[in-house]
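Trainee: Before anything else, here's the structure in question.
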Amino acid sequence: MNRIYLDWNATAPVLPEAREAMVEALSGVPGNASSVHHEGQIARTVVERARRAVAKAVNAPAQAVVLTGGATESNNQVLRHHVRVTDEPFVICTAVEHPSVIEVVRDLEQEGVRCAIWPVDAKGRLDLGWLEAKLDEGATLVSVMWANNEIGNVYPIAEIAELVHDKGATLHVDGTQALGRIPVDFNGADIDYMTLSFHKMGGPKGIGAIVLREGIKIEAILAGGHQERGRRPGTENVPAAAGLVGAMAALGEQGDAWREALQRKRALFLEALTEQAPGLELRGDLEHTLPNTLNVAFEGIDGEDFLLAADLEGVSASSGSACTAGSLEPSHVVLAMGFEHDDARRSVRFSFGPATPDEDLMEAARRVGAIVERLSALMV
Ligand SMILES: Cc1ncc(COP(=O)(O)O)c(C=O)c1O
């Protein structure tokens, strides 16, 4: 039985272009990018090429890109930096942000910083009126993801940017799940800070970025090195930077085709799933969604029971649940949408990529149908 990997929002398979560039760098670039000698300068060239490649991919100036260890680190740095340099900070984030935002906001609140969580409706949508009121109350930083990792919702970033800037506040956008799936135009969307992690779109794991609007500064939150012009200390990850160059080249060449393929595959998969698993419930805002993500629930079936059965049948998906003290807590995203605990636990996320074969999606739908039938029969 072939395995079918439908968990690309957790991490995507590494693109061949990224893998080849990394292998070459691992054997051919021995230097430290901060060393002044020949080997160091070759490593430096790789890092600077990665910076330019990211800037080009998201339409931002190269000097605006700070390379980091991933979006978790980037998100922590943006939020903590803002609080450090702002008089009377007031931080807003949505209720569906990734834990690397929402948990930092909770920590900041514990530390005495004024914070508020922007609620969502039953489809995970945001009410811009709520934001306007908070901006009037003096919010200084608004943190909104471009696209949600669990339900796939895509948020109206340009509209939010206008509101935020009208009131003189700052906008942070976590673009991690958007890159490679929908067009990401940093300058066009008028963002102040954007954070990224490249393994979600086929780049290497352990490398991310903070993209800064021209004129905006960011300070390191760690001490101990001058790398990235003092904004992110620590030896640069040269093999990952090389992989990033490969991944961004693939995105530049194939991005449009990827997005088209994803739209088509999503429609195909949804049709097959609906046919194979009657009573399928769809979650999220289906009109504004990533083309690679489907969040669903099956009547009366617990998400974890489903995922275990699916894994045994060779289908890898996810629930977004977090393991807290040995018990599985439902996804905070689905809970924020107003679902009760047990109902929230039914959520299952399928996420795929441009390289997922159509036949795999059809076969996954067949296996899902059989699992749902079997689990439903056990319940009666
Ligand atoms: C929206 C979003 N932000 C941030 C992250 C964190 O990325 P990383 O684990 O690579 O630091 C993820 C990963 O799941 C994500 O989906």
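Every read-out reported here was derived from the displayed coordinates using simple, explicitly stated rules and does not represent laboratory data. Being a predicted model, the structure only gives us computed values, none of them experimental. Please note: Cβ atoms are built from the backbone with ideal geometry, for glycine as well, and neighbour counts cover all protein chains shown.
Trainee: From a point 7 Å beyond the Cα of GLN254 in the direction of its Cβ, which residues of region 186-210 have a backbone N at a distance under 13 Å?
Mentor: Once the point is set 7 Å along Cα→Cβ of GLN254, 201-203 turn out to lie under 13 Å by backbone N, inside region 186-210.
Trainee: For ALA133 and ASN187 in the same chain, what is the full-extension length gain: residue separation times 0.36 nm, less their Cα-Cα distance, in nm? Provide the component values of the computation, followed by the final result.
Mentor: Numbers: separation 54, 0.36 × 54 = 19.44 nm, distance 2.61 nm.
My answer for the length gained is 16.8 nm.
Trainee: Whole-Hz ³J(HN,Hα) for each residue in region 230-241, computed from phi via Karplus 6.51 cos²θ - 1.76 cosθ + 1.60 with θ = phi - 60°, x for glycine and proline: what do you get?
Mentor: Karplus values, whole Hz, x for Gly and Pro: x, 9, 7, x, x, 4, 5, 8, 5, x, 5, 4.
Trainee: Can I ask one more? What translational D, rounded to a whole number of µm²/s, comes out for region 203-255 from Stokes-Einstein when the hydrodynamic radius is the Kirkwood one over Cα pairs, at 25 °C and 0.890 mPa s? Mind dumping the intermediate values first?
Mentor: Details: Rh = 12.8 Å.
The estimated diffusion coefficient comes to 192 µm²/s.
Trainee: Just the ratio, please: alpha-carbon radius of gyration of the chain over 2.2 N^0.38 Å, N its number of residues. The partial results should precede the final answer.
Mentor: On the way: Rg = 21.2 Å, N = 380, 2.2 N^0.38 = 21.0 Å.
Against the compact-globule rule of thumb, the ratio is 1.01.
Trainee: HN-Hα J couplings of region 203-220 from phi, Karplus 6.51/-1.76/1.60, θ = phi - 60°, integer Hz, Gly and Pro as x?
Mentor: Along region 203-220, the couplings run x, x, 7, x, 9, x, 7, 10, 9, 10, 5, 3, x, 8, 10, 9, 9, 5 Hz.
Trainee: Run the dipole for region 144-225 about the Cα centre, Lys and Arg Cβ at +1, Asp and Glu Cβ at -1, nothing else charged, and hand back the magnitude in debye, nearest 20.
Mentor: On the way: 6 positive and 10 negative charges, 75 e Å.
Charge dipole, region 144-225, about its Cα centre: 360 debye, nearest 20.
Trainee: To continue, here is another question. Taking the Cα centre as origin and putting +1 on Lys and Arg beta-carbons and -1 on Asp and Glu beta-carbons, what dipole magnitude results for region 16-250, to the nearest 20 debye? Please list the in-between numbers first.
Mentor: Values: 22 positive and 30 negative charges, 153 e Å.
Dipole of region 16-250, to the nearest 20 debye: 740 debye.
Trainee: Additional query: Report ³J(HN,Hα) in whole Hz for each residue of region 270-276, in order, from the Karplus equation J = 6.51 cos²θ - 1.76 cosθ + 1.60 where θ = phi - 60°; Gly and Pro get x.
Mentor: Those phi angles translate into 4, 5, 5, 5, 4, 6, 7 Hz.
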